[in-house]
Amino acid sequence: MRSFAIVGLVFVAALLPFESAALAQQNANPGAEKPGLEVPLITPGPGWKPCPRCKNEAYAAADRKKENVDTRPFDKHNITGVWSGTPQALDDNGSNFDMKTLPPFTPYGQKAYEATFSDSPEWSSKDPMNICDPLGYPRSFAYNYGIEFVTLPGRTLEFFEWGHYWRDIWTDGRKLPSNPPIPRFYGYAVGHWDGDTFVVDSNGYDDRSWIVADNRRQNAEKRAAGLPHSDAMTIREEYKRLNYGVLQLKITITDPKVYTAPWSTTDVIALSPDSEIAEHLCVTSDSISYDEQNTKPTLSSQGK
Amino acid sequence: MLRRTLLVGVVMAIAALLTWNPPVFAHHGAAVWSNTEITLKGTVVDYFWRNPHVLLTWNVTDDKGNVVKWTGELASPESMMADDGMTKDTFRPGEELILLVRQAKTGTPNSVIDQIKRPDGTTVMRYSRQAGSQNFAGALSPEDQAKRKN
């Protein structure tokens, strides 16, 4: 145990220069203090709680402190609760995927990737999000305004605030379908406990969604892009509750049509006590209206 | 207990270091906006308290009496509520506002809003969290602006 901790600390130290640069970029305006408890907390009314993104980071931190999330006894075999951001950044929009470990594309995958490139450097014109197509899984996990796990007999429900989507993770012993009859944006998912780890396997995905947006923008024209997947994608999720307020996760994506190797990413997410999932719907007519009023007029003719 | 706490901390730190990503942009990035902030005094036309971004439109009348309708981007309703205490009732058509904005490079009256004040000096929105706003937090105090320049 001790040696693992030491190795971890050395690893962290080795990465500090990179992270410092990243944080410097993130906090380019050091004088801009984040909003805090001086901002009034707005809820729908007595007895109602704010959605995870409806309270700022200071309130989120105060709620975690009030609930003693770091020391409170917890059931290792229950991940029920509202989770949002990371312990280090409670206002993060979901979980960040480790882009540095992304395996190379197959030839088919490279073409699928290039098909996601935006028409211009000015906006992400191919992003399904812009027209409110379902984000699908795992993008709903990677980009969300909070999620909620609800444990029921025989299944666990996973609600996503962004888009107001949910999926069923069946825990009644059924197996994944060998040939799912209808592709799903949120796939077919089954779960079981392996020791203290909740393991979720899924397949049957609709290939129109992105795994995540590609924020590296590494293509030559610096155009926005997304990471594609095929209908052959399978995903294994492994959740482990490190303490009452922190959930560790590992997501492994296997898609031999698009990627030359499985892709694993690890993160931790934070419990958001005293929060309720609300209704952040993506309304197509609203998105179109917004783009017509304040997006398209800002683009050069190339991008329209 | 100490070992366990240490282990949890190390795992969390490693995960955080490995997974930092720049912010996403779905609709457009900072490149479409001018690098110069301008102050506009206008009258609210519409206030769309909706996704994907709250949108404010207002009329600006020039010295010759010409009226130009502007649009301005804010963050999501949740973010505006959490960080500024704004609600669907914050603005009403016809009321005057003083807005610090970055205009679209196309020269059209479209913008991202960096700060909103009322004529009595009350600050409604202190600074933006929108594209590129980390370099244009117009609501900074003079002292903070000096720090930024240094």
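Of all residues in segment A:282-299, those satisfying the criterion of being more than 7 Å from every other protein chain (Cβ to nearest Cβ) and touching a residue at least 12 places away in the same chain (Cβ under 8 Å) are A:284, A:288.
Name the residues in segment B:101-125 that are touching a Pro at 6+ places or on another chain (Cβ under 7 Å) and not aliphatic (A, V, I, L, M), would you?
Taking segment B:101-125 first, the residues touching a Pro at 6+ places or on another chain (Cβ under 7 Å) are B:104, B:106, B:108, B:110.
Within segment B:101-125, B:106, B:108, B:110 meet the criteria.
Just to verify a result, which residue in segment A:75-116, among those that are among the aromatic types (Phe, Trp, Tyr) and in contact with a strand residue (DSSP E or B) (Cβ under 6 Å, 6 or more places away or on another chain), is surrounded by the fewest Cβ atoms within 10 Å (Cβ to Cβ)? That would be A:113. Look at (1) among the hydroxyl-bearing types (Ser, Thr, Tyr); (2) under 30 Å from residue A:171 (Cβ atoms); (3) in a loop (DSSP other than H, G, I, E, B) and you find that residue A:140 fails only one, number (3).
Considering segment B:51-67, the residues that are within 14 Å of chain A (Cβ to nearest Cβ) and part of a loop (DSSP other than H, G, I, E, B) include one that is surrounded by the fewest Cβ atoms within 10 Å (Cβ to Cβ), namely B:51.
Looking at residue A:210, is it part of a loop (DSSP other than H, G, I, E, B), touching a residue at least 24 places away in the same chain (Cβ under 8 Å) and aromatic (Phe, Trp, Tyr)?
Working: part of a loop (DSSP other than H, G, I, E, B): yes; touching a residue at least 24 places away in the same chain (Cβ under 8 Å): yes; aromatic (Phe, Trp, Tyr): yes.
Considered against the rule, which asks whether it is part of a loop (DSSP other than H, G, I, E, B), touching a residue at least 24 places away in the same chain (Cβ under 8 Å) and aromatic (Phe, Trp, Tyr), residue A:210 comes out as yes.
Set side by side, the residues B:134, B:130 differ, and just one is under 11 Å from the mean Cα position of the chain (by Cα), modelled with pLDDT under 90 and not in a loop (DSSP other than H, G, I, E, B), which is B:134.
Screening residue A:103 against (1) under 21 Å from the mean Cα position of the chain (by Cα); (2) within 14 Å of chain B (Cβ to nearest Cβ) leaves a single unmet condition, (2).
The values are calculated or read from the model by the stated rules, or taken from the named source; none is laboratory data. Here the structure is a predicted model, which means the values were calculated and not measured. Glycine gets a Cβ as well: all are built from the backbone with ideal geometry, and neighbour counts include every protein chain shown.
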